[in-house]
Each structure stands twice: as structure tokens, then as C-alpha cells.
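Right, one structure below, let's go through it.
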Amino acid sequence: MTGATGPSRTSRSRSAGRGAQSEALAAVLAAVPFACAAFDRRSGALVAANPRFSADLGALPGHGQRDALLASLYGDLTGEARGEEVRAPHSGRWYALHWRDLDCGGQALSLLTAVDISERIETLDSHKSQQEKLLFTSRMMSVGEMAATLAHELNQPLAAIVNYLNGSLRLVGQAGGPVQVERALQAARTQAEHASAVIARVREFVRAREPRRDAQELPLIVDTVLELLRLEAERQQLRVELALPAALPPVYADRVMIEQVLLNLVKNAIEAMREVPAAQRGLRIEARVNLDDEIEVRVCDRGPGLSPAQSEQLFSPFYTTKSDGLGIGLAICRSIIEYHEGRLFFEARDGGGSVFGFTLPTPDRRI
């Protein structure tokens, strides 16, 4: 009777065969010029890998297990993934992952190849940035041509209006007319002169391609805009709330242009609440220093809000939600804010309504 004191010859033969197969697989993987590894299809354990895999992905937690490796690459910590293109959290490199099933000597394997595509991603991002700059330049040229035409056409009528108002004021003064009429004419002249100043600045902006900026106090800009729209707000029975910190730093901006942006946003907010019951109408203008140390201005209304489809197209030229709108207001506002190194944005307001806002640099943080 023979005792069983060690592995049988058959077992030793199978073990040797598997070892030879693993060595052959490792040799094949070593010849692959990019990261490559084989995992057991059932257990998910790493069977073999080439040196490039160890160098590129070997530092990831759990790289010896398929599921743990995928969790490291696709998990919340990475923050970025484009389908089968992932960004390794430990190195910041981008990889294109490809999986193939492989049967090697009776062993069911999953073969992973991870091709480093970081340079391609950087090239694509750079190309996208260049395209956006070209689109911005094209948009600004169109806006500039339109602004030049409007400035030319409006300048003479505005000058005539101012002259007529000055003449009317002289006649009222000579005739000793009612004080209310004189005040109304003075207010109308102030508005016309302000419009003339806007036109003059637009013409300068189009000609110079660069706003004339300096330190400006935001509360003064807000006061000017609200005074221009005071009668409209009263007609709409609109409550206006201001939330401007007393110690708010000045903004580095062209005052007239930023007044036009804010005027446009406030007018849009007032119009959005035209069909809202008077008791629910409320306009809030707030400002703060955001996390990037920029001044963030927000115009909040209680209108019906916008659908996701509308919000995606808001800043596209000639897109409008108004039946009688041209769709150039927000596009021009966006161009002005971008010239000021800021951004124009929209978000839904909690409790209903919309928030339109923009950011501006402070004088000490201008680009």
C-alpha cells in the first residue's frame, strides 16, 4: 500500500503548466507598449501585468483587484470621466480603457489595456478653447457693427430731444408754468442726456475695442439704475429690496456700460413679473464678494422662471423669450461683462423666479 506523502505527479504537472502559461502571458504583456494587465474573470484578481501598468496605475489603491481598480478610476474621488476615458486621480493623466475577454490555457481572463491619451485630451481642450475665442471674436464683431449702426442712428434724434426739452423749459420758465410740469421736463431732459452719454460711450467702445475702466462704487451704479426705473417699478407696484454690504469693495469697471448691463437685467426682471399678482412681486438686488474675491451682483425676481431648454439658450444671440424682443440684450450684456473679465450667469431662484447675475473684478485684482 502506497502512502500519500506529497502532491501527485499530475498535480505537479498542472502547476508547472500554469506557471509556464503565466510566464508566457507576462512575457506577452511586457511587449505591449502601453499599460496592460490580465485579471481572473471570476475572482477579479490580478494575474499578470506589464511594467508600464505598474508604473502608470500601480499606485492606485486596490490595483490588484479589477473592481477596486475601477472604483479608483471611476469613483467620486476622480471627479472626471468621459465614457471609457478616465482621469487617474493620483497622477492627473488621462487613459482610454479597453477590456477584452481572453482564454489562456483554460483560464478565463479579462485583459485590460490603458492607453495614455493625456496629450490628445490637452490638444482637444486647447482646440476647443481656440474655437470659443474665435466665436467670441465673431460675436463681438457682429455686436460692434450693430452697436455702431444704432449709435449713429440714435445720436441725432437724442440731440433733438434734448434741444426741444431745453426750449420747453425756457418757455415754462418765462410763462411761470406749473412746478410739476417743470420737474417733469427736467426729469425727461436728464434721461435724454443719460441716453446720449450711453450712445457716446458705445461709440467709443466700438472704436477703441476696450472699455475705459476705473474704480467704481457699486451702490452708486445701483442707485442710478433704480432711479431710471423708479416710475416703472411704481406702476408695477413692485417692492425693491437692496442687500449691498456697507464695506463692499469698489469694482474695476466702465460705469456707463455696467449701468446698461444692470439696467437690462432689472428691466427683464420687472417684465418677468408683469403677470404675477401684485402682492407676490418682489425684486432683490444683492452683492457680495465671492470665493474668487470678485464682486458678484445678483438680480432676483419672483417671475414664472425659465425651463431648462430656455436657460440653455439664454445668452445665444437673437434668442428671446419675449414676443416683441430682438434677443440681443443678454448677448450684448454677456459681451460687456466678458470684456470686464467677468461672467454673466443664470440660475433658478429658490421658491420660484430667476436670478441673473454677473461678476466683476476689484481694482486690485484686475487682469
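The values are calculated or read from the model by the stated rules, or taken from the named source; none is laboratory data. As the structure is a prediction and not an experimental result, all values here were calculated from the model. Cβ atoms come from the backbone with ideal geometry, glycine included; neighbour counts cover every protein chain shown. For the accessible areas, the whole protein counts, side chains as well, though only heavy atoms, and no ligand, DNA or RNA atoms are used. Shrake-Rupley method; radii C 1.70, N 1.55, O 1.52, S 1.80 Å.
Things to note:
- GLY177 under 22 Å from LEU263 (Cβ atoms) and modelled with pLDDT under 75: no
- Counted residues, region 300-342 - those being in a loop (DSSP other than H, G, I, E, B), open to solvent by 60 Å² or more (accessible area, probe 1.4 Å) and either modelled with pLDDT of 65 or more or of a type in the set (Gly, Ala, Ser) (or both): 3
- Positions within region 18-31 being surrounded by 16 or more Cβ atoms within 10 Å (Cβ to Cβ) and either touching a Leu at 6+ places or on another chain (Cβ under 9 Å) or modelled with pLDDT of 80 or more (or both), in sequence order: LEU25, LEU29
- Number of the exception - ILE258 against (1) among the hydrophobic types (A, V, I, L, M, F, W, C); (2) without any contact (Cβ under 8 Å) to a residue 24 or more places away in the chain; (3) touching a strand residue (DSSP E or B) at 6+ places or on another chain (Cβ under 8 Å): (2)
- Against the criterion of being modelled with pLDDT of 85 or more, among the small types (Gly, Ala, Ser) and farther than 28 Å from HIS194 by Cα, GLY282 does not qualify.
- Subset of region 66-88 that is assigned to a loop (DSSP other than H, G, I, E, B) and open to solvent by 60 Å² or more (accessible area, probe 1.4 Å) - its residue that is modelled with the lowest pLDDT: GLY79
- Flag: GLU232 does not match the condition of being open to solvent by 50 Å² or more (accessible area, probe 1.4 Å) and either farther than 19 Å from THR362 by Cβ or at pLDDT 80 or above (or both).
- Qualifying positions in region 158-178 - over 14 Å from ARG189 (Cβ atoms) and surrounded by 13 or more Cβ atoms within 10 Å (Cβ to Cβ): GLY177
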